[in-house]
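*Asks:* First, the structure itself, so that you have it in front of you.
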Amino acid sequence: MKKPLYKLVICCTVLFFSQIQISWSQDAETIVEDSTSQNLISIEAQEKFNAGVEALESKNYEQAVDAFSEAITLAPEFSKAFLNRGYAYTELKNTEKAVSDFTRSVELDPTLHQAFFELALIAENSDQTEKAVEFYSQAIRAKGDNYKYYYQRGLLYFEAEDYEKAKEDFTSSVSLKKDFAFGYNERGSTNRMLEQYDEAIKDYQLATLHDDKLVIAFNNLGSVYRKKGELDNAIRAYDNALKAEPKNHLSLNNRGYAKFEKGNYAAAIEDFKAAVQIKSDYAYAYNNLAAAHIKLEQFKEAESACDKAIGIDNEYGYAYYNRGVAKEMLRNVSGACNDWLRAAELGVAAAQTYYKNSDCNNQ
């Protein structure tokens, strides 16, 4: 049987960016003096405010709203009552009222950085990126020593591909919180996008040093080692990811990819199979499994793996391409041509080139 002449296409799940939303806890303000008015709030308003804080901390959000509203009625310029009622409205999913209260709180007291932060989160969740960046910036101007404000703004700069600004913010976040693993991971991803690979490696290593369970940092570290051609180091990074989370399908797929690149196809097959055992609808791993089977001339197994990938995603061009390779080697030329044509239609350049230059046009 002749050897395949095609370049196999396999897909590695490279994780540059955590994509993980950190849930920042909301700390109810218990200070009862209104800093803008310079006047002490009445005792009755303070009591209503403190009752609201207690309800908020107990997650009785409707009760909290009522108590803070009474405090505001008694003291209309009670900025922290607006702030905390905004927290309660946020928990009640009443975004419009939350925005109104957070906005009013900073009108009364521009030093309430927490309100700017909450407004930024709301804007971000509404895909109002520019507005979110400005609110994070206002939070930073009000309180420049809060690492999470820089971190959140850095995430938005990263998504906007403004990597220099993102790097500056992630650097500020880890400067303010030396053990902030997520900050090191994101700065590593930023360095990765800036093609500053050695710096990226150092950052991912710092992330894993401060959190040895941060699987995404180990995966990212492996991706950079792969980029540099240091496959043994990449495999070790994925090994560590799997020590932290043994059933992580992404880590198994990534390690399999590195083993594939190293030419250890049998070991790669084991990892790809383990990945789909954990996540049965993981089309990437099925396609990768097919590519490894083809390398070992196990063409029926390759065709079956591609069938599963396509069954999950019927517009997965690379799976059609690889299935075409397997079918051609099984002497199903018409089937191979159909798959390459479909892959070409889905934008796989290699399939388009081969289809035009092969015997398919004579079918």
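The values are calculated or read from the model by the stated rules, or taken from the named source; none is laboratory data. It should be emphasised that the depicted structure is a prediction, and the values quoted were computed from it without experimental measurement. For neighbour counting, all protein chains shown are included, and Cβ atoms are generated from backbone atoms with ideal geometry for every residue, glycine included. Ligands, DNA and RNA are stripped out before the accessible areas are found, and what is left, the full protein with its side chains, is counted by its heavy atoms. Shrake-Rupley method; radii C 1.70, N 1.55, O 1.52, S 1.80 Å.
*Asks:* Could you give the C-alpha radius of gyration of segment 70-206 expressed as a fraction of 2.2 N^0.38 Å, taking N as the number of residues it contains?
*Replies:* On the way: Rg = 17.0 Å, N = 137, 2.2 N^0.38 = 14.3 Å.
In units of the 2.2 N^0.38 Å rule of thumb, it is 1.19.
*Asks:* So what is log10(I(q)/I(0)) for segment 238-311 at q = 0.26 1/Å, when the Debye sum runs over its Cα atoms only?
*Replies:* Log10 I(q)/I(0), no solvent term: -1.13.
*Asks:* I'd like the distance between the alpha-carbon centres of segment 123-147 and segment 308-363, rounded to an integer number of Å.
*Replies:* Value for the Cα centre distance between the two parts: 48 Å.
*Asks:* Shape verdict for segment 175-247, please, from the Cα gyration tensor: rounded (a/c under 1.5), prolate (a/b greater than b/c) or oblate.
*Replies:* Values: a/c = 2.34, a/b = 1.09, b/c = 2.14.
Because a/c hits 1.5 or more and a/b fails to exceed b/c, segment 175-247 counts as oblate.
*Asks:* Tilt of helix 163-176 relative to the longest C-alpha principal axis of the chain, in degrees (0 to 90, nearest 10)?
*Replies:* Helix 163-176 sits at roughly 60 degrees to that axis.
*Asks:* Still on this structure, please answer the following. With a 1.4 Å probe and all protein chains left in place, how much of the accessible area of the chain comes from carbon and sulfur atoms, in whole percent? It would help to have the intermediate numbers written out before the result.
*Replies:* Numbers: 7820 of 17510 Å².
It is 45 percent, rounded to a whole number.
*Asks:* Over 27 Å apart: what share of the alpha carbon pairs of the chain falls there, rounded to a whole percent? The partial results should precede the final answer.
*Replies:* On the way: 39929 of 65703 pairs.
Everything past 27 Å amounts to 61 percent.
*Asks:* Sticking with this one: In debye to the nearest 20, how big a dipole does segment 201-310 give about its Cα centre with +1 on each Lys and Arg Cβ and -1 on each Asp and Glu Cβ? Please report the intermediate quantities before stating the final value.
*Replies:* On the way: 16 positive and 15 negative charges, 30 e Å.
Charge dipole, segment 201-310, about its Cα centre: 140 debye, nearest 20.
*Asks:* In the calculated pair distance distribution of segment 263-363, what percentage of Cα-Cα distances lie above 20 Å?
*Replies:* It works out to 34 percent of all Cα pairs.
*Asks:* Taking 20 Å as the cut-off for C-alpha to C-alpha distance, list the pairs among LYS59/LYS97; LYS228/LYS279; LYS300/LYS327; LYS273/LYS308; LYS227/LYS356; LYS59/LYS80 that go past it. Kindly include the intermediate steps, with their values, before the conclusion.
*Replies:* Numbers: LYS59/LYS97 18 Å; LYS228/LYS279 29 Å; LYS300/LYS327 8 Å; LYS273/LYS308 12 Å; LYS227/LYS356 32 Å; LYS59/LYS80 18 Å.
The pairs that break the limit, which is 20 Å between Cα atoms, are LYS228/LYS279; LYS227/LYS356.
*Asks:* What is the packing order of peptides 262-269, 72-79, 179-186, taking the mean over residues of other C-beta atoms within 10 Å and listing the highest first?
*Replies:* Details: 262-269: 17.1, 72-79: 19.4, 179-186: 24.4.
In descending order of packing, they fall as 179-186, 72-79, 262-269.
*Asks:* Take the alpha carbon gyration tensor of segment 321-363, find the square roots of its eigenvalues, order them as a ≥ b ≥ c, and report rounded if a/c is under 1.5; if not, report prolate when a/b exceeds b/c, else oblate.
*Replies:* Values: a/c = 1.94, a/b = 1.30, b/c = 1.50.
Because a/c hits 1.5 or more and a/b fails to exceed b/c, segment 321-363 counts as oblate.
*Asks:* How large, in Å, is segment 39-78 by the Kirkwood hydrodynamic radius built from its alpha-carbon pairs?
*Replies:* Numbers: mean 1/r = 0.1032 Å⁻¹.
Hydrodynamic radius (Kirkwood, Cα pairs) of segment 39-78 is 9.7 Å.
*Asks:* So, one more: Beta carbons within 10 angstrom, averaged per residue: use that to sort the peptides 165-176, 328-339, highest first. Show your work: numbers first, answer last.
*Replies:* Values: 165-176: 21.1, 328-339: 18.2.
Ranking the peptides 165-176, 328-339 by packing returns 165-176, 328-339.
*Asks:* Still on this structure: If you count only protein heavy atoms with a 1.4 Å probe, what accessible area per residue comes out for the chain, rounded to a whole Å²? Mind dumping the intermediate values first?
*Replies:* Details: 17510 Å² over 363 residues.
Solvent-accessible surface per residue comes out at 48 Å².
*Asks:* Could you give the angle, 0 to 90 degrees to the nearest 10, between helix 95-108's Cα long axis and the longest principal axis of the Cα atoms of the chain?
*Replies:* 50 degrees
*Asks:* Let me ask something else. Determine, at each q value in 0.16, 0.19, 0.24 (inverse angstroms), the log₁₀ of I(q)/I(0) that the Debye formula gives when each Cα of segment 41-119 is one equal point scatterer.
*Replies:* Per q value, in the given order, log10 I(q)/I(0) is -0.48, -0.68, -1.07.
*Asks:* Kindly express, to the nearest 10 degrees and within the range 0 to 90, the angle between helix 317-329's C-alpha long axis and the longest C-alpha principal axis of the chain.
*Replies:* Its long axis makes an angle of about 20 degrees.
*Asks:* Relative to the present Cα-Cα distance, how much length would full extension add between LYS247 and LYS131 at 0.36 nm per residue of separation?
*Replies:* On the way: separation 116, 0.36 × 116 = 41.76 nm, distance 3.92 nm.
Contour length minus the Cα-Cα distance gives 37.8 nm.
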